[in-house]
Structures are given as structure tokens and as C-alpha cells.
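Engineer: The structure's right below; bear with me while I get my questions together.
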């Protein structure tokens, strides 16, 4: 057994659990926001430890053609790159044409508005210490992307988006919307035939309670946790391991995805973050099969990946 920083952790087991990882939330570059690692470096490094896939997310451009290019030229590697489009101002907001074209280029995920959601704008204004460069350093004003009518119904443009997502089999992610918005939209999405649903970091921004997490999981959504909020070495660490245990219990292991949400310049790198994620799970007493489910199998099922090849 290798001896890591925690003498109670089997580091050989940690490395073995990296094999097959599907990290559903990575911020590799280039981007308008400084990144610590670019797309090619990320795929090469992930392949070296046996990752099955990474999902690279950018708030301001469609990553589908980037993923297609990387996969075409680095297909000999074990790791597949997946991406898609975030429906912020840069994509035209709730733009069904952007979603359709992303799918045509291999896009496999659509993120509902993140940094230009009304909920995120309100959250950021309340967080005096937080300023995202892509939002705060601009000439044009932020235009909030509204997803519901004043009466609380899904707007027509979003219904068109949902129809395209359903027709193309993409993943619909809740972005940085408020949990109350996500609940309404996911119900409408299910009615329109969307089968792949993902909630992002309920422990931050979206204001989800444990009851909300349980309800969304019961609706068929996977609940993704940004582990940069929990791991040592992350500049975003704000929560305790016990809080992660409560969140996992609320959704169940079978509906939980643990993602790094890393790649920011000056922060711990995504693969090191996933190592620490595994250590946290071991300290919390999760058996290896449960850990593998949360970092590999659930993500693979969400994106329709085969973990055997």
C-alpha cells in the first residue's frame, strides 16, 4: 500500500478508482476566463490515469466542435471529450437553433442559463467577494435570460429548446437557475420527452434544500455535486464532508454524480481534485463500488457511455 497524506487511505485503491471516471464538470480552456489546463492537456492527462470521459463546460461558447476535433485527433486515447452549449447571452439565450446546431456537431449536453440567469445575477450581487471575469469585465450590460413567464409557466422559447433536446437525446442541465425554476422546467421537459436530466451543484447558487434534492432525484434527475466546494486544496472550499454525506443520502448513491468542477487557474487540477474526492468518500465509509458508481457509472449512464470499452 502506498502512503498518502492520509495514512488511513489506500492510495493504490484511489488510483484504481480513477480508472473509468466520467468527470461531468471540467473547465478546461481556452476560455475568456483564465484556465489552468487546456482541452488537449486535459484529455491527455485524464487518459494517462484511465478516465473514460470528461465533460468540458464553457459558459460562453459551444464546446461541441472542440470536443469533435479533440476526439478526431486524439481518438487513440482512452478518454472521450464531451461538451455542448450553455444558453447564456453569448449563445443568444434560449436559442433552439443553437441547441439544434450543437447537437448536429456532436453536442451531448445543454446547460440552461448559468451566469446570465436572473438567479445567478442576484446571487453574485449578494456575494461581494465573487466576481466572474466573463460577467463583470464587459462593455455590454448583462441581459438576464428569463425562463418562466410572470405567471410561472415555461416560456415558449424554452419549450422549443426542450423539444430539440428531446428529439436529439441530449442531457438537459439545470444551469444556475433557482431550484424552484428547475423543478418546473424539469417537469415540463419530462412531459415533452426529455429523459436525461442533471442538476448542478445544489449546495450552492441554486438554493436547493435536502428535500429539494430528494424531490429532483425522484423525478429522475441525476444530482451533480461540485467537489471543488469540499476538497482540500481547492480555493472554493466552503463545505464540510458531513454536508456531502447528507446530500448523497438525500438523492441516494444511484442518483448522485461527484464532479470536480475544476480547471480554474490557480486552483487544484481536476484529476488531483478527483483523487481527493475519492479520499473523502473513503473517509465517509463508502465502499469502492458506491464510489465507482458516483464518479463513473452514473455519469456513463447519463451520457450513454459504455464503461467496458
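Engineer: Considering segment 184-217 alone, what residues qualify as being touching a helix residue (DSSP H, G or I) at 6+ places or on another chain (Cβ under 8 Å), part of a helix (DSSP H, G or I) and within 16 Å of residue 113 (Cβ to Cβ)?
Structural biologist: 185, 186, 188, 189
Engineer: Something else: In segment 244-274, which residues are closer than 19 Å to residue 297 by Cβ and in a strand (DSSP E or B)?
Structural biologist: Matches in segment 244-274: 256, 257, 258, 259.
Engineer: Hey, another quick one. Among the residues of segment 187-205, count how many are buried (at least 24 other Cβ atoms within 10 Å of the Cβ) and within 17 Å of the chain's Cα centre (by Cα).
Structural biologist: 4
Engineer: Do we find a residue being closer than 25 Å to residue 189 by Cα, assigned to a helix (DSSP H, G or I) and at pLDDT 95 or above anywhere in segment 129-152?
Structural biologist: No - not one qualifying residue is present in segment 129-152.
Engineer: If residue 285 passes every condition in (1) under 18 Å from the mean Cα position of the chain (by Cα); (2) at positive phi; (3) modelled with pLDDT of 95 or more but one, which one does it miss?
Structural biologist: (1)
Engineer: Please go through segment 222-243 and pick out each residue that is assigned to a helix (DSSP H, G or I), touching a helix residue (DSSP H, G or I) at 6+ places or on another chain (Cβ under 7 Å) and within 18 Å of residue 25 (Cα to Cα).
Structural biologist: 227, 228
Engineer: Still on this structure, please answer the following. Can you tell me which residues in segment 208-232 are surrounded by fewer than 17 Cβ atoms within 10 Å (Cβ to Cβ) and either within 20 Å of residue 166 (Cβ to Cβ) or at pLDDT below 95 (or both)?
Structural biologist: Selection gives 219, 220, 232.
Engineer: I've got another one for you. Filter segment 93-126 down to residues that are free of Cβ contacts under 8 Å to residues at least 40 places away in the same chain and part of a loop (DSSP other than H, G, I, E, B), then give me how many there are.
Structural biologist: Total meeting the criteria: 1.
Engineer: Does residue 37 satisfy being in contact (Cβ under 8 Å) with a residue 60 or more places away in the chain, under 17 Å from residue 21 (Cβ atoms) and touching a strand residue (DSSP E or B) at 6+ places or on another chain (Cβ under 6 Å)?
Structural biologist: No; evaluated as a whole, the condition is false for this residue.
Engineer: I need the full set of residues from segment 146-156 which are touching a residue at least 40 places away in the same chain (Cβ under 8 Å) and touching a helix residue (DSSP H, G or I) at 6+ places or on another chain (Cβ under 7 Å), in order please.
Structural biologist: 147, the sole residue that qualifies.
Engineer: Right, residue 101: surrounded by fewer than 23 Cβ atoms within 10 Å (Cβ to Cβ) and at pLDDT below 95 or not?
Structural biologist: No; evaluated as a whole, the condition is false for this residue.
Engineer: Of all residues in segment 163-183 being without any contact (Cβ under 8 Å) to a residue 40 or more places away in the chain and closer than 14 Å to residue 102 by Cα, which is surrounded by the fewest Cβ atoms within 10 Å (Cβ to Cβ)?
Structural biologist: 167
Engineer: Within segment 19-40, is there a residue that is within 22 Å of the chain's Cα centre (by Cα), surrounded by fewer than 20 Cβ atoms within 10 Å (Cβ to Cβ), at pLDDT below 95 and more than 26 Å from residue 232 (Cα to Cα)?
Structural biologist: There is at least one residue in segment 19-40 that is within 22 Å of the chain's Cα centre (by Cα), surrounded by fewer than 20 Cβ atoms within 10 Å (Cβ to Cβ), at pLDDT below 95 and more than 26 Å from residue 232 (Cα to Cα).
Engineer: Among 70, 110, 49, 85, which is the only one that is surrounded by fewer than 19 Cβ atoms within 10 Å (Cβ to Cβ) and in contact with a helix residue (DSSP H, G or I) (Cβ under 6 Å, 6 or more places away or on another chain)?
Structural biologist: 49
Engineer: Let me ask something additional. So for segment 178-199 (the condition being in contact with a strand residue (DSSP E or B) (Cβ under 9 Å, 6 or more places away or on another chain), modelled with pLDDT of 95 or more and under 20 Å from residue 290 (Cβ atoms)), does at least one residue qualify?
Structural biologist: yes
The values are calculated or read from the model by the stated rules, or taken from the named source; none is laboratory data. Predicted model only: the values in this text are computed from it and were never measured. Ideal geometry is used to build each Cβ from the backbone, glycine not excepted, and the neighbour counts take in all protein chains shown.
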